[in-house]
Amino acid sequence: MDLLEYQGKQVLAAAGLPASTGTVARTVDEVVAAADAHGYPAVVKAQVRVGGRGKAGGVKVVADAAAAAAAGEAILGMDIKGHTVEVVLVEPACDIAAEYYASFTFDRSARLHLGLLSAQGGVDIEQVAWRDPSAVARVHVDPIDGLSDEAAADLVARAGLSGAAADGVAALLPTLFAAYVAADADLVEINPLVLTGGGEVVALDAKVTLDDNAAFRHPEWAEWRASEDLDPRERRARDKGLNYVGLDGTVGIIGNGAGLVMATLDVVSQAEGSAANFLDIGGGASAEVMAAALSVVASDDKVGAILVNIFGGITRGDEVANGILQALAVADIGPPIVVRLDGTNAEEGRAILAGHLSDSLRSEPTMSDAARTAVVLADRRVSP
Ligand code: GDP
Ligand code: MN
């Protein structure tokens, strides 16, 4: 789950890090009231789950109530890279002397956490890293050991920070790493981490991604979850515990295993169709899971046909076939379904389906046959 800036800053502040939590506003009146309360200059910041808000005009420093109102008018309702701004964060403006970049994330290939620090913050860090890789200092952190004060000081020195900034950032990094671990975050990114005119180090922005696998031990995440601007199809899928990503096409896809589902999307493209979604039902394909998957996929108006692609390993073809039939008995699925079964007990599965095949339930021997059939059916259904 990606947090909005103000939510991310709450995570940092709760861990004792210097991050202003400000005030959230949803109307121009609320913006002005919040700015008045904080005093001027204040800053009004668009809250959307996408970077580059500053460049898009979504961050404005305001000197008085009239400017606060104007910033509220301009930013609320603004579209930033396809995200409509519904909420802004209002906080006292910061007197910025220098901007840095700091982050912690996983390095899966190294099986370690990775910390990044750069003296060139405030701007697009990917561009900095691309133009001048040496401008971004890195440190791998062992999850057992954590980030030591020595490793933090070394990172700061390698990033080229000096003076008050070096001391302040070195002191902050171990706490930031601990906060990233304690929050069960996949990513904590602070850009910019600033040195103020007064010599303090402050997190002026926060991008925090929480690891959904840890949600069970964080009841406090529920409030943030409710504020997520999920695609309604994705919300339905999540409520049913399905691994679903909505796409724009017309062929609904259900498969077992992320790799197979990705391959299915490719095969549908090769057949000159377009996938309506990604849905991995994982191992096992009980009737309940299959019914939930079929009904979520079919609830998308754009879906003209559903392709069920199962390669049995631990999952058995006969169970999948029975699951599909039971699902069809309990759920009213509109679009035709094309099934391709292979692997463990595929023959048995196809035999079970054989007696039930019709225009709305077809079985195909291979993945490409199934994709071609699904694309033809989807085109037929979608185009009048
Ligand atoms: P992003 O563009 O979406 O990453 O949004 P940021 O929160 O990083 O803000 C973008 C830029 O706005 C920062 O790099 C700062 O230069 C500027 N900015 C943000 N807050 C303040 C503030 O309180 N005072 C001043 N002077 N500038 C700010
Ligand atoms: Mn930023």
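The values are calculated or read from the model by the stated rules, or taken from the named source; none is laboratory data. These numbers were taken from a predicted model, which means no experiment stands behind them. Cβ coordinates were reconstructed from backbone atoms using ideal geometry, including for glycine residues, and neighbour counts include every protein chain displayed. Keep in mind that these areas ignore ligands, DNA and RNA; they rest on the heavy atoms of the full protein, side chains included. Shrake-Rupley method; radii C 1.70, N 1.55, O 1.52, S 1.80 Å.
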**Asked** Could you count how many residues in the range 52-71 are near ligand 1 (Cβ under 9 Å from one of its atoms), part of a loop (DSSP other than H, G, I, E, B) and not charged (D, E, K, R)?
**Response** 4
**Item:** Any hit, the range 198-216, residues being modelled with pLDDT under 95, within 28 Å of GLY58 (Cβ to Cβ) and part of a helix (DSSP H, G or I)
**Value:** yes
**Message:** Which count do you get for residues in the range 251-283 that are open to solvent by less than 30 Å² (accessible area, probe 1.4 Å) and assigned to a loop (DSSP other than H, G, I, E, B)?
**Reply:** 7
**Asked** Is the range 57-72 home to any residue that is open to solvent by 30 Å² or more (accessible area, probe 1.4 Å), under 21 Å from TRP224 (Cβ atoms) and out of contact with any helix residue (DSSP H, G or I) (no Cβ under 6 Å at 6 or more places or on another chain)?
**Response** no
**Request:** Quick one: which residue in LEU247, LEU242 is free of Cβ contacts under 8 Å to residues at least 60 places away in the same chain, in contact with a Ser or Thr (Cβ under 9 Å, 6 or more places away or on another chain) and over 30 Å from GLU91 (Cα atoms)?
**Result:** LEU247
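Per-residue answers, yes or no, for (1) open to solvent by 60 Å² or more (accessible area, probe 1.4 Å); (2) among the polar types (S, T, N, Q); (3) not in a strand (DSSP E or B):
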position: ALA137; (1), (2), (3): no, no, no
position: PRO143; (1), (2), (3): yes, no, yes
position: GLU150; (1), (2), (3): yes, no, yes
position: LEU176; (1), (2), (3): no, no, yes
**Asked** Does any residue of the range 216-226 turn out to be buried (at least 21 other Cβ atoms within 10 Å of the Cβ) and free of Cβ contacts under 8 Å to residues at least 24 places away in the same chain?
**Response** no
**Prompt:** Among the residues of the range 33-51, how many are part of a loop (DSSP other than H, G, I, E, B) and either in contact with a helix residue (DSSP H, G or I) (Cβ under 8 Å, 6 or more places away or on another chain) or more than 11 Å from ligand 1 (Cβ to nearest atom) (or both)?
**Reply:** 3
**Item:** Near pairs, Cβ below 6 angstrom, 6+ apart or cross-chain, from the range 51-64 (at negative phi) to any residue that is in a loop (DSSP other than H, G, I, E, B) and within 6 Å of ligand 1 (Cβ to nearest atom)
**Value:** VAL59/ARG53; VAL61/ALA93
**Message:** Name the single residue that is farthest from ligand 1 (Cβ to nearest atom) among those in the range 101-143 being within 22 Å of LEU204 (Cβ to Cβ) and of a type in the set (S, T, N, Q).
**Reply:** THR105
**Hey, ALA33 of a type outside the set (D, E, K, R) and either over 30 Å from ALA214 (Cα atoms) or within 16 Å of ligand 2 (Cβ to nearest atom) (or both) or not** = yes
**Request:** Select from the range 7-32 the residues that are open to solvent by 20 Å² or more (accessible area, probe 1.4 Å) and assigned to a helix (DSSP H, G or I) and write down the one among them that is farthest from ALA71 (Cα to Cα).
**Result:** ALA14
**Asked** In the range 72-84, is there at least one residue being part of a loop (DSSP other than H, G, I, E, B) and either charged (D, E, K, R) or within 14 Å of ligand 2 (Cβ to nearest atom) (or both)?
**Response** yes
**Prompt:** Does the range 184-194 contain at least one residue that is more than 17 Å from the chain's Cα centre (by Cα) and charged (D, E, K, R)?
**Reply:** no
**Request:** Mind listing just one residue for me: the one in the range 81-96 that is without any contact (Cβ under 8 Å) to a residue 60 or more places away in the chain and surrounded by 15 or more Cβ atoms within 10 Å (Cβ to Cβ) and, of those, farthest from GLN47 (Cα to Cα)?
**Result:** ALA93
**Item:** Qualifying positions in the range 289-302 - open to solvent by 10 Å² or more (accessible area, probe 1.4 Å) and not polar (S, T, N, Q)
**Value:** VAL289, ALA291, ALA292, ALA298, ASP300, ASP301, LYS302
**Item:** the range 303-347 - residue that is outside any helix (DSSP H, G or I) and of a type in the set (Asp, Glu) and, of those, most open to solvent (accessible area, probe 1.4 Å)
**Value:** ASP332
**Fill in**
Across the range 185-214, the tally of residues that are small (Gly, Ala, Ser), away from ligand 2 (no atom under 13 Å from the Cβ) and open to solvent by less than 30 Å² (accessible area, probe 1.4 Å) stands at 2
**Message:** Looking at (1) away from ligand 2 (no atom under 16 Å from the Cβ); (2) surrounded by 17 or more Cβ atoms within 10 Å (Cβ to Cβ), which one does VAL128 not meet, given that it meets all the others?
**Reply:** (1)
